[in-house]
Amino acid sequence: MKLLSIAACLALATLAISCNNTPKATTEKPVDSAATMPIEEKYTANIVDNKKDPTCGMPVTAGISDTMHYNNKVLGFCASECKAEFAKNAAKNIASVEWK
Ligand SMILES: [Zn+2]
């Protein structure tokens, strides 16, 4: 009985894999209008405690579009993507921050 169910599972898995081989429709992403907008300078290097974006290494003087508070410090990031990346493992990433 056990062997039979394993065989059935394998058959199902094979079917699922072959289904994935069918050509997909266009994978073109819709244009993100926000991405084409110039970076709005809401923040300046003066208000943050780090020298560089700890995720990509860009100097905060080049522009900050998002900030994050951590342990009473203010971290500046060039983009919200960098902030999100940092936030995924903030406890570890905080060690690589270059403070002013
Ligand atoms: Zn960045």
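No lab work stands behind these numbers, since they all come straight from the coordinates. Predicted, not measured: the structure shown is a model, and the values here were computed from it. Here Cβ is always computed from backbone atoms with ideal geometry, including for glycine, and neighbour counts include all displayed protein chains.
Hey, for a label at residue 99 modelled as a point 7 Å past Cα toward Cβ, could you say which residues of segment 53-71 have their backbone N under 17 Å away? Backbone N within reach: 53-54, 68-71. Taking amide H atoms as placed 1.01 Å from N in the peptide plane, the amide H of residue 52 lies under 5 Å from those of 60, 98, each 5 or more residues away in sequence or on another chain. Put in order of Cβ neighbour count within 10 Å, fewest first, the listed residues 85, 98 become 98, 85. Residues whose amide H comes within less than 5 Å of that of residue 79, counting only those at least five positions distant or on another chain, are 65, 66 (H built at 1.01 Å from N in the peptide plane).
Across segment 39-100, C-alpha contacts under 8 Å between residues 6 or more apart give a mean separation that, scaled by the residue count, equals a relative contact order of 36 percent.
Please give the peptides 56-62, 70-76, 87-93 ranked by average Cβ packing (other Cβ atoms within 10 Å per residue), highest first, as a rough proxy for protection.
Packing order, densest peptide first, comes out as 70-76, 56-62, 87-93.
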